[in-house]
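What follows is one structure encoded as structure tokens, with my remarks underneath.
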Amino acid sequence: MDDKSYDLNKLFDFFEYWEEYTHTTEFYNEGWLLKVLVYAITDFGVKNHVLYVNEKEQFFSEGLLRSPFLTNGKKKRLAESHTHADGAIGNFTIGNAKHKGLLELTGNKLYIFEAKINSGFSTGVTNASFYNQAARYIACITETIDKAGEIEELKDLSIGFYLVVPEDQYKKKKSFAKFLNKEHIVDIVDRRVKEYKDEADYEVREEWLETKFKPVHKKIVIEPLFYEDIIKELEGYTYIDEIKGFYDLCLVCNGLERKYNKA
């Protein structure tokens with residue numbers, strides 16, 4: 001990220017002004033919360049944090065990750081589209097024109113973030129109702145790495161998938177821990193590949209599972225990140241009180257109780 005100083009109060013004032021003219025979740029949502037926390041962690045210099053973006057890296061929101069189950073220009077009964085990542089940190093470019101928003105890995109780091117406030121992982125796609133969002137992410141990360149020609153260089157890559165979520169929501173929604181479980185993920189992707197057993201490219205997909213997906217699955221870090229823990233890392237930061245207030249508004253506007261500044 002560029003080394004720029006920004007007054008976060010200007011952003012929060014902008015959101016407050018527009019509250020009267022749009023639905024509050026337009027601003028008080030997990031997408032903006034993630035962006036604010038990435039900026040704050042980086043600006044505050046918490047260099048050991050996974051949300052920290054150094055001068056050789058970048059952050060991008062809503063980038064597209066390649067799916068290994070695309071239509072490839074033809075309508076197929078089992079196909080799906082690319083998946084959107086709430087956030088990505090690392091070494092990559094973002095495509096434009098025909099491949100607008102498509103993330104292309106260019107270096108040795110790729111961290112992908114899915115942010116939630118009061119919702120769970122989606123449980124499937126149109127052509128595979130069991131194919132949950134977490135498993136899909138890992139498959140798409142694999143495809144992104146493969147298309148960059150980096151499968152053979154996995155030992156040199158730093159890759160991670162992180163669910164960013166309120167701590168109490170993580171504990172309340174048992175599906176979070178289930179879907180992030182590594183054994184569960186490989187079982188789900190294996191089941192997705194087996195859907196193709198009657199298709200001409202089944203052997204190719206089985207090879208992808210064994211020689212590409214499983215090595216990435218073994219290497220990748222898969223963990224939850226709690227907003228509350230991230231905010232603790234920001235104690236002493238210039239805008240810590242404003243960030244706590246913003247988090248409270250995100251919770252309230254999404255049907256949850258405040259964490260800070262309770263009346």
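Which one is surrounded by the fewest Cβ atoms within 10 Å (Cβ to Cβ), of the residues in segment 152-188 that are closer than 20 Å to Asp229 by Cβ and of a type in the set (Gly, Ala, Ser)? Per the criteria, the residue is Ala177. Return yes when Lys98 is in a strand (DSSP E or B) and either at pLDDT below 85 or surrounded by 15 or more Cβ atoms within 10 Å (Cβ to Cβ) (or both) and no when it is not. No. From the list Ile243, Ile222, the lone residue that is over 30 Å from Ile145 (Cα atoms) and touching a helix residue (DSSP H, G or I) at 6+ places or on another chain (Cβ under 8 Å) is Ile243. If the condition is being under 15 Å from Phe130 (Cα atoms) and of a type in the set (Ser, Thr, Tyr), then segment 170-205 contributes Ser175, Tyr196.
Considering segment 156-245, the qualifying helices (runs of 4 or more DSSP H), each wholly inside and each with 1 or more residues that are touching a Phe, Trp or Tyr at 6+ places or on another chain (Cβ under 8 Å) and hydrophobic (A, V, I, L, M, F, W, C), run over 174-180, 182-194, 227-232. Of all residues in segment 246-263 being in a loop (DSSP other than H, G, I, E, B) and charged (D, E, K, R), which is nearest to Leu37 (Cα to Cα)? Going through the qualifying residues, I end up with Lys259. Remark: Glu152 falls outside the filter, which requires a residue to be without any contact (Cβ under 8 Å) to a residue 60 or more places away in the chain and touching a helix residue (DSSP H, G or I) at 6+ places or on another chain (Cβ under 8 Å).
The values are calculated or read from the model by the stated rules, or taken from the named source; none is laboratory data. None of these values were measured; they are calculated from a predicted model. Note that we place each Cβ from the backbone using ideal geometry, even for glycine, and neighbour counts take in every protein chain shown.
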